[in-house]
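Visitor: I'd like to ask some things about the structure below.
The values are calculated or read from the model by the stated rules, or taken from the named source; none is laboratory data. Being a predicted model, the structure only gives us computed values, none of them experimental. With ideal geometry, Cβ positions are generated from the backbone for all residues, glycine too; neighbour counts draw on all protein chains shown.
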Number of protein chains: 2
Amino acid sequence: MTQTTPTTDSATPPVAALPVVLAALQDPVRLEMVRRLSNADGAVRCAALYDVINKSTATHHFKVLREAGVIERLVVDGQTQQRLRNADLDRALPGLLDSVVDAANRAVQD
Amino acid sequence: MTQTTPTTDSATPPVAALPVVLAALQDPVRLEMVRRLSNADGAVRCAALYDVINKSTATHHFKVLREAGVIERLVVDGQTQQRLRNADLDRALPGLLDSVVDAANRAVQD
């Protein structure tokens, strides 16, 4: 089977409980990853989601976000990308992601 | 001057930055304190805001919430109470507290 469409490379877990999601979002590096993903409105290659950290640190942060159910990993033409699970999050925790991203965007503009 | 109305016993700091507020809310004990305060819709005596922890642990958690700008401490007739800073929070981080408390209430009902 040829992969012409993006495929998630692992089973998608449910969105975690509220404290786990908040713990995932409270880290400034992860918050910035989520902000960029939300503003991009689609899958984004990993390296575009952080600036000053190294790749292994970024991998750790992606894992925390993924295990909380905030993002999912896709493989597109052999390239790993991340995507926000907006719909799943808004179903599990209505309004939370929007309010967090709005506040994060305002903080960047200040 | 006689104290016939509740008075805050220290200067009220500004609501902290988003990561600090999320870090304050992500702890299950503090999340439950905030949930009870929100549902009470007013000042609440400290002991009514937690169950299984001891007083010094509770004092630590109140301090974290207070320094994040989430709650304020009042003294009413010599008794210490806590109050949620709903209006300040909603001005600084619109929608965040509502979505967090709604999710926390749903989690308790499950």
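Visitor: For the stretch A:34-45, what are the residues that are surrounded by fewer than 22 Cβ atoms within 10 Å (Cβ to Cβ) and either among the acidic types (Asp, Glu) or farther than 12 Å from A:Asp102 by Cα (or both)?
Guide: Matches in the stretch A:34-45: A:Ala40, A:Asp41, A:Gly42, A:Ala43, A:Val44, A:Arg45.
Visitor: Specify the residue that is nearest to the chain's Cα centre (by Cα); the eligible residues are those in the stretch A:60-107 that are crowded, with 19+ Cβ neighbours inside 10 Å and among the polar types (S, T, N, Q).
Guide: The extreme case among them is A:Gln82.
Visitor: Return yes when A:Ala17 is among the small types (Gly, Ala, Ser) and at pLDDT below 95 and no when it is not. Working first, answer last.
Guide: On the way: among the small types (Gly, Ala, Ser): yes; at pLDDT below 95: no.
So A:Ala17 does not fit the description; no.
Visitor: Name, by its number, the condition in (1) within 29 Å of B:Asp98 (Cβ to Cβ); (2) touching a Cys at 6+ places or on another chain (Cβ under 8 Å) that does not hold for A:Ser99.
Guide: (2)
Visitor: Go through (1) at pLDDT 95 or above; (2) within 18 Å of A:Val21 (Cβ to Cβ) and name the single condition B:Asp110 misses.
Guide: (1)
Quick grid of which residues meet (1) among the hydroxyl-bearing types (Ser, Thr, Tyr); (2) away from chain B (no Cβ under 14 Å); (3) surrounded by 13 or more Cβ atoms within 10 Å (Cβ to Cβ); (4) in a helix (DSSP H, G or I):
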site	(1), (2), (3), (4)
A:Pro13	no, yes, yes, no
A:Val20	no, no, yes, yes
A:Glu32	no, no, yes, yes
A:Ala58	no, yes, yes, yes
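Visitor: From the set of residues in the stretch A:60-108 that are farther than 19 Å from A:Asn39 by Cβ, assigned to a helix (DSSP H, G or I) and not basic (Lys, Arg), which is farthest from the other protein chains (Cβ to nearest Cβ)?
Guide: Among them, the one singled out is A:His60.
Visitor: Moving on to the next point. State which residue pairs qualify: first residue more than 17 Å from B:Val70 (Cβ to Cβ) and inside the stretch B:42-58, second residue polar (S, T, N, Q) and exposed (fewer than 13 other Cβ atoms within 10 Å of the Cβ) in any location, beta carbons under 9 Å apart, and separation of 6 or more residues or different chains.
Guide: Matching pairs, first to second residue: B:Arg45/B:Gln79.
Visitor: Could you run through the stretch A:34-55 and say how many residues are closer than 15 Å to A:Gln81 by Cβ, in a loop (DSSP other than H, G, I, E, B) and in contact with a helix residue (DSSP H, G or I) (Cβ under 9 Å, 6 or more places away or on another chain)?
Guide: Result for the stretch A:34-55: 3.
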